[in-house]
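What follows is a short report on a single structure.
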Amino acid sequence: MTPNTGTSSVIHREREPVRALPHNVTFNDLIRSNKRKSVLLMIGMSLLLVAVGAAVAAGLTVWGGGADGAGLMISVAVGAVVAAVVAVIASTWSLYGGSSAVLRIADAREIEKKDDPQLFNVVEELSIAAGTPMPKVYVMDDPGLNAFATGRDPEHGAVAITTGLRMALSRDELAGVMAHEISHIRNYDIRFAMLMATMVGMIVLASDAFWRIMFYGSITGHGRRSSRGGKDGGGAAQIIILVIALLLMIIAPTLAMIIRFAVSRQREFLADAGAVELTRYPQGLIGALEKLGGCKHPLQGGNRATAHMYIVNPLKNAVKRQGHERSSTFRTHPPLHDRIDRLRALIE
Amino acid sequence: MGPTLIVLIVLGVLAVLIIFWMIGMYNGIKRKQIGADQAWSDIDVQLKRRYNLIPNLVETVKGYASHERETLEGVIKARQQAIDASGGVAGQAQAENFLSGALRQLFALSESYPDLKANQNFGQLQEELASTENKIGFARQHYNRSAAQYNEAIALFPANMVAGMFNFKDMDYFELEDTAQREAPKVEF
């Protein structure tokens, strides 16, 4: 069935058999597997963070003059604990302030039902389908085509759409896009992304600070004072520790980013699946994604920090790359044609 | 002290743990039941919303197409029938579908009356009613999903034992009895 170009034609299929790749996987399975993967990745990231904290402490201790075994252990432990504590504080802060910050950066203004009844109705309908409280609706005055969702949980959700995209979509396509955004909120993707971003940020900061201190230390002549104060054989072990710490500091930031982007792509696929679960009409989202693929201008309000939350990557170089075959590890979003193919596979 | 005391203590701790575990399962089931009940009343809310929109619509159409009495009266009658519907879930579903059909005919009228079609109030009502139809459908969808989750919760082991103890029964799905209705009418106004 083709979408109606008229006012409204949302089709309800109560129990349409919808299959995903591989066949006979249900939405619940997808959601469960995604949650599992996310937990694993979150654990991995946390371990990385703690390791970095420990490495910083160890590296600095050894570099700054060394210590014997017990002292090193203590400083490593302290480093790990400090890393964990700071992570918790930073995460809490970003979790509570993050959404409003994002909306401000994007220059979004909240609208009421009377400003755009159809948009409002669409969001309301999908909230009913999802069984979650209705998010606030924001609009961005921008001819570019994009939309995003924010909010640490469904009670504090918000969706935003550009005026450009709002005008370009039919009601069904609008429903597809909004369903995708509401799925993000429902899956707690935003909360997850905020936490990941905080941890990545901290890992990058820590490694950056570490290198600076080492650099500064070597320039001003600090650094390797004689560390033979303790046991003699401690020297070799300390060098090994230093090397490990250095290696960690080199790989950690890159590793963290790879993890984060992998998660981000995974969750985009899941939000697409969630959108279909809500609307039971993949054609809506497919139509919207096709229109999004054809758009040539980058979004005015988009920037690197918030790029991952938009429905398609809003940045200039990503917009140009939209059509490319290759799939880089640093893409926040899966390639559009991949997403469209997966959605088409659901129409069976 | 003696081994008997140790055994008793261990059994006591085990008993407490099991009780907490059972409380957890009971609460899980109860939460899903409440969720499904809420979803059910959401359907009701949307149905009533539709009833409330219709009088305004009828008046607007009368202003432009007053001689289309049959269609107009069809809608008014269908609305009343839906409000008075009996026969449980199946009876309600049937009456609601009948009302949808009557509304479809009314909106089809607007094709022959360009003035009516252009009327802003009519346009708004069209959007509102289309949206309400969608909401009814989505509310049903959500209810069925909630009911399925609840039914699954009371069926799976070991929670099904707790379910049996407290007499949790399966919930019915909001089915469409009639196979013709099952075609999920295309809501096209």
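The values are calculated or read from the model by the stated rules, or taken from the named source; none is laboratory data. Remember, it's a predicted structure, so these values are computed and weren't measured experimentally. Positions of Cβ are generated from backbone atoms using ideal geometry, with glycine treated the same way; all protein chains shown enter the neighbour counts.
Below are the figures for this structure:
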read-out: Residues satisfying the stated conditions in segment B:2-26, i.e. closer than 16 Å to B:A159 by Cβ and over 43 Å from the mean Cα position of the chain (by Cα); value: none
read-out: Any hit, segment A:87-105, residues being modelled with pLDDT of 85 or more and crowded, with 18+ Cβ neighbours inside 10 Å; value: yes
read-out: Matching entry among A:L174, A:L169, A:L205, A:L165 (being surrounded by fewer than 19 Cβ atoms within 10 Å (Cβ to Cβ), at pLDDT 80 or above and of a type outside the set (S, T, Y)); value: A:L205
read-out: Exclusive hit being among the small types (G, A, S), within 28 Å of A:L48 (Cα to Cα) and in a helix (DSSP H, G or I), set A:S94, A:S127; value: A:S94
read-out: Any chance B:A108 is out of contact with any Phe, Trp or Tyr (no Cβ under 7 Å at 6 or more places or on another chain), among the aliphatic types (A, V, I, L, M) and in a helix (DSSP H, G or I); value: yes
read-out: Residues (more than 12 Å from chain A (Cβ to nearest Cβ) and among the aliphatic types (A, V, I, L, M)) located in segment B:109-146; value: B:L109, B:L116, B:A118
read-out: Segment B:70-90, subset modelled with pLDDT under 85 and over 20 Å from B:R49 (Cβ atoms), residue surrounded by the fewest Cβ atoms within 10 Å (Cβ to Cβ); value: B:S86
read-out: Flag for A:V86 being outside any helix (DSSP H, G or I), over 17 Å from the mean Cα position of the chain (by Cα) and among the β-branched types (V, I, T); value: no
read-out: Conditions (1) over 25 Å from the mean Cα position of the chain (by Cα); (2) of a type in the set (S, T, N, Q); (3) within 14 Å of chain A (Cβ to nearest Cβ): number failed by B:S41; value: (1)
read-out: Subset of segment A:246-288 [among the basic types (K, R) and either under 15 Å from A:V204 (Cα atoms) or without any contact (Cβ under 8 Å) to a residue 24 or more places away in the chain (or both)]; value: A:R260
read-out: Filter pass, B:V58 being modelled with pLDDT under 90, under 16 Å from B:A102 (Cα atoms) and not acidic (D, E); value: yes
read-out: Condition broken by A:E110, with the remaining ones in (1) closer than 19 Å to A:L165 by Cα; (2) within 14 Å of chain B (Cβ to nearest Cβ) satisfied; value: (2)
read-out: Close pairs from segment A:165-178: first closer than 14 Å to A:D272 by Cα, partner small (G, A, S) and not in a helix (DSSP H, G or I), Cβ under 7 Å, at least 6 apart; value: A:V177/A:A147
read-out: Within segment A:149-160, considering residues that are without any contact (Cβ under 8 Å) to a residue 40 or more places away in the chain and part of a loop (DSSP other than H, G, I, E, B), the one surrounded by the fewest Cβ atoms within 10 Å (Cβ to Cβ); value: A:D153
read-out: Matching residues in segment A:168-183 - criterion: being assigned to a helix (DSSP H, G or I) and among the aliphatic types (A, V, I, L, M); value: A:A168, A:L174, A:A175, A:V177, A:M178, A:A179, A:I182
read-out: Hits in segment A:30-48 - residues which are under 17 Å from the mean Cα position of the chain (by Cα) and either surrounded by 15 or more Cβ atoms within 10 Å (Cβ to Cβ) or among the hydroxyl-bearing types (S, T, Y) (or both); value: A:I31, A:N34, A:K37, A:S38, A:L41, A:M42, A:M45, A:S46
read-out: Considering residues of segment B:95-110 that are within 19 Å of the chain's Cα centre (by Cα) and crowded, with 16+ Cβ neighbours inside 10 Å only, the residue nearest to B:E127 (Cα to Cα); value: B:S100
read-out: Some residue of segment B:56-68 being among the aromatic types (F, W, Y) and farther than 30 Å from B:E128 by Cα; value: no
read-out: B:L72 vs. criteria within 13 Å of chain A (Cβ to nearest Cβ), over 25 Å from B:I154 (Cα atoms), touching a residue at least 24 places away in the same chain (Cβ under 8 Å) and not basic (K, R); value: no
read-out: Qualifying residues in segment A:119-148 (those that are crowded, with 20+ Cβ neighbours inside 10 Å, in contact (Cβ under 8 Å) with a residue 12 or more places away in the chain and within 13 Å of A:L278 (Cβ to Cβ)) - the one farthest from the other protein chains (Cβ to nearest Cβ); value: A:V123
read-out: Odd one out for B:E133, checked against (1) within 16 Å of the chain's Cα centre (by Cα); (2) more than 23 Å from A:D116 (Cα to Cα); value: (2)
